[in-house]
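To start, the structure under review is shown below, and the notes come after it.
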Amino acid sequence: MRHFDLVIIGTGSGNSILDPRFDDWNVAIVEKGVFGGTCLNVGCIPTKMFVHTADLANAPAAGARLGVDARLTGVRWPEVRDRIFGRIDPIAEGGRRYRAEECANVTVYAGEGRFVGSKRLAVSTGSGEDEVITADRFVLAAGSRPIVPDVVGIEQVGFHTNEDVMRLAELPRRMVILGSGFVATEFAHVFGSFGVDVTLVARSDLLLRGQDLDVATRFTELAERRWDVRRNRKAVRAERDGDVTRLHLEGPDGAEVVEGEALLVAVGRRPNSDLLNLGATGVTTHPDGRVVVDCHQRTEVDGIYALGDLSSPYQLKHVANHEARVVQHNLLHPDAPVSTDHRFVPHAVFSSPQVASVGLTEQQARARGVRYVTATQQYAGIAYGWAMEDTTGFCKLLADPADGRLLGAHIIGPQAPTLIQPLVQAMHFGLDARSMARGQYWIHPSMPELVENALLNLPLDD
Ligand SMILES: Cc1cc2nc3c(=O)[nH]c(=O)nc-3n(C[C@H](O)[C@H](O)[C@H](O)COP(=O)(O)OP(=O)(O)OC[C@H]3O[C@@H](n4cnc5c(N)ncnc54)[C@H](O)[C@@H]3O)c2cc1C
């Protein structure tokens, strides 16, 4: 039985832990799927490469309002798809080859890991024989996977998830998307922009319902202009008729049916903790399946750490990467561990319009009894917004009226994920709204003037 100094399960953010400081450690990396994990292969990166292409496909429609008559004459799906995966697949394979062939101290196991005892992991390699390995330390970085909703017949009709929908052989004429969060709305934007008729089925009253209510409401209004959005609907049964998948829904007005040539399921993700048989090694989980860790990313078992979607309250790549850096430090310096900083975690939705957010929503501030003031600045009120003829986007801020500290920032509109970054910075470094607004130049006439004006609009105490 081989024994290692360290075993890492999962090659998403887990793979980023190893740097030259680990060169004299004997390390194993276990990966059951494609090397590089969700973000690189089936998540953030390919989706955003498709989103950028979708934005271009949308540009002619936006031009008409500005007096530019362009026409989209077609989207060459196979070329779009192959350009994107033509870049990504070699990166994933290069990462695997580097670890397997160029890192003398690292053994790569291609197979699924499952604990069979205290710090004992069986790796199934597909050959029928499991190999059991042991280690002094483990890093659990096994991520999450799509939730399949409890809909009668859904397994039989065949459905897509983020794992395969970006590699479709051809674009379907119609696509039904089950879900209303960021994955569902990003894919709705992508496929809708490429000419697919999209029907979005949401259980909730609003799309992106975790956002500030003003943002979720505006996003939902705009989405209803682009896609066939069915809100407050429960999918109860799926059936296949030839090339068509039918989804039977229950809603406020009774039963109804939606159909398409493709069905995409994007209702959320669950941690992969159930695949690891963690009980065998004493690691515990929350009721939602997340591995229990302390602020140093340590599980309840000495020497076993967890990170990313497997344990984090945030299913975001930048959080997984941050937690991986914390684990990296704590592996090297167990007697001087650092803590994870989850205070100001931003996120973005790369749909259309784009959305970005950090900190408290107004509803959370109210529920927590926090004293706050709020201000909103429309894109339509800044010069660059006039240039774009934007009439729907805005930046909404929440701040402590006493000291001007920002409590939350929410942007819906063009370049929201870029515009939010200075606000994230201000929150991290304790910059108050007045100093931020007036203590620096803001390039005129640029989009960040949206943020400058939102800051100036805050009715702070004198
Ligand atoms: C469609 C989509 C779009 C996204 N877009 C964004 C975005 O724009 N921005 C953002 O911040 N986040 C985004 N995310 C979320 C982001 O991808 C994840 O938060 C991040 O990749 C999690 O990293 P991780 O290292 O925890 O897990 P992963 O990257 O999922 O890595 C886990 C690895 O462990 C392997 N594994 C699992 N179980 C086992 C086992 N038992 N044995 C061996 N190997 C195992 C898996 O095969 C996988 O390769 C997106 C996610 C999706 C699905």
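Given the criteria of a type outside the set (D, E, K, R), open to solvent by 30 Å² or more (accessible area, probe 1.4 Å) and in a strand (DSSP E or B), does Val236 qualify? Working first, answer last.
Numbers: of a type outside the set (D, E, K, R): yes; open to solvent by 30 Å² or more (accessible area, probe 1.4 Å): yes; in a strand (DSSP E or B): yes.
So Val236 fits the description; yes.
Which numbered condition trips up His296, out of (1) outside any helix (DSSP H, G or I); (2) without any contact (Cβ under 8 Å) to a residue 24 or more places away in the chain?
(2)
Identify all residues within the range 104-137 that are surrounded by 15 or more Cβ atoms within 10 Å (Cβ to Cβ), under 12 Å from Met1 (Cβ atoms) and β-branched (Val, Ile, Thr); write none if there are none.
Val123, Ile133, Thr134
Go through (1) within 30 Å of Asp274 (Cα to Cα); (2) of a type outside the set (Asp, Glu); (3) open to solvent by 40 Å² or more (accessible area, probe 1.4 Å); (4) not in a strand (DSSP E or B) and name the single condition Pro78 misses.
Only one criterion is unmet by Pro78, namely (1).
Can you tell me which residues in the range 29-50 are under 12 Å from Gly14 (Cβ atoms) and among the small types (Gly, Ala, Ser)?
Selection gives Gly36, Gly37.
Before we move on, is Ile91 buried (at least 16 other Cβ atoms within 10 Å of the Cβ) and either more than 8 Å from the ligand (Cβ to nearest atom) or part of a loop (DSSP other than H, G, I, E, B) (or both)?
On the way: buried (at least 16 other Cβ atoms within 10 Å of the Cβ): no; either more than 8 Å from the ligand (Cβ to nearest atom) or part of a loop (DSSP other than H, G, I, E, B) (or both): yes.
When the stated conditions are applied, Ile91 does not pass them.
Name the pairs: first residue in the range 3-21 and of a type in the set (S, T, N, Q), second residue part of a strand (DSSP E or B) and more than 8 Å from the ligand (Cβ to nearest atom), Cβ to Cβ under 9 Å, at least 6 apart or on different chains?
Correct list of pairs: Thr11/Ile29; Thr11/Val108; Asn15/Ile8; Asn15/Ile29.
Kindly indicate whether any position in the range 373-393 is under 24 Å from the mean Cα position of the chain (by Cα) and either in a helix (DSSP H, G or I) or surrounded by 19 or more Cβ atoms within 10 Å (Cβ to Cβ) (or both).
yes
Is it the case that the range 60-72 has a residue that's closer than 26 Å to Trp227 by Cβ, among the acidic types (Asp, Glu), more than 16 Å from the ligand (Cβ to nearest atom) and open to solvent by 30 Å² or more (accessible area, probe 1.4 Å)? Give the steps one after another, and end with the answer.
Here is the first cut: in the range 60-72, the residues closer than 26 Å to Trp227 by Cβ are 60-66, 68-72.
Filter once more, so that each one left must be among the acidic types (Asp, Glu): 69.
Then drop every residue that is not more than 16 Å from the ligand (Cβ to nearest atom), which leaves 69.
Restricting the remaining residues to those that are open to solvent by 30 Å² or more (accessible area, probe 1.4 Å) gives 69.
Checked against the condition, which is being closer than 26 Å to Trp227 by Cβ, among the acidic types (Asp, Glu), more than 16 Å from the ligand (Cβ to nearest atom) and open to solvent by 30 Å² or more (accessible area, probe 1.4 Å), the range 60-72 yields at least one hit.
Answer yes or no: is there a residue in the range 124-134 that is in contact with a Leu (Cβ under 6 Å, 6 or more places away or on another chain), β-branched (Val, Ile, Thr) and part of a strand (DSSP E or B). If you could, list the steps in order and put the result at the bottom.
To start, the set of residues in the range 124-134 that are in contact with a Leu (Cβ under 6 Å, 6 or more places away or on another chain) comprises 133.
From what's left, β-branched (Val, Ile, Thr): 133.
After this cut, where a residue has to be part of a strand (DSSP E or B) as well, the list is 133.
Yes, some residue in the range 124-134 is in contact with a Leu (Cβ under 6 Å, 6 or more places away or on another chain), β-branched (Val, Ile, Thr) and part of a strand (DSSP E or B).
Are any residues in the range 1-37 within 10 Å of the ligand (Cβ to nearest atom) and open to solvent by 50 Å² or more (accessible area, probe 1.4 Å), and if so, which ones?
Answer for the range 1-37, where residues must be within 10 Å of the ligand (Cβ to nearest atom) and open to solvent by 50 Å² or more (accessible area, probe 1.4 Å): Ser16, Lys32, Val34.
Can you find a residue that is among the polar types (S, T, N, Q), within 15 Å of the ligand (Cβ to nearest atom) and touching a helix residue (DSSP H, G or I) at 6+ places or on another chain (Cβ under 9 Å) anywhere in the range 264-272? Break it down stepwise before answering.
Step one: list which residues in the range 264-272 are among the polar types (S, T, N, Q), which gives 272.
Then drop every residue that is not within 15 Å of the ligand (Cβ to nearest atom), which leaves 272.
Now drop any that are not touching a helix residue (DSSP H, G or I) at 6+ places or on another chain (Cβ under 9 Å), which leaves 272.
Checking the range 264-272: at least one residue is among the polar types (S, T, N, Q), within 15 Å of the ligand (Cβ to nearest atom) and touching a helix residue (DSSP H, G or I) at 6+ places or on another chain (Cβ under 9 Å).
I'm trying to understand the selection: among the residues of the range 4-55, which are over 30 Å from Glu79 (Cα atoms), under 24 Å from the mean Cα position of the chain (by Cα) and small (Gly, Ala, Ser)?
Gly10, Gly14, Ser16
I'd like to check something: does the range 168-184 contain any residue that is part of a loop (DSSP other than H, G, I, E, B), within 13 Å of the ligand (Cβ to nearest atom) and touching a residue at least 12 places away in the same chain (Cβ under 8 Å)? Quick ask: steps written out before the conclusion?
First pass over the range 168-184, keeping only residues part of a loop (DSSP other than H, G, I, E, B): 168-173, 179-181.
The next check asks that each one be within 13 Å of the ligand (Cβ to nearest atom); those that pass are 179, 181.
Imposing the further condition that a residue be touching a residue at least 12 places away in the same chain (Cβ under 8 Å) reduces the set to 179, 181.
Within the range 168-184, one or more residues are part of a loop (DSSP other than H, G, I, E, B), within 13 Å of the ligand (Cβ to nearest atom) and touching a residue at least 12 places away in the same chain (Cβ under 8 Å).
Do you know which residues across the range 282-320 are open to solvent by 20 Å² or more (accessible area, probe 1.4 Å) and polar (S, T, N, Q)?
Hits for the range 282-320 are Thr284, Thr285, Gln315.
The values are calculated or read from the model by the stated rules, or taken from the named source; none is laboratory data. No experiment lies behind these values; they were computed from the predicted model shown. With ideal geometry, Cβ positions are generated from the backbone for all residues, glycine too; neighbour counts draw on all protein chains shown. Note: accessible area is taken over every heavy atom of the protein model, side chains too, but ligands, DNA and RNA are not part of it. Shrake-Rupley method; radii C 1.70, N 1.55, O 1.52, S 1.80 Å.
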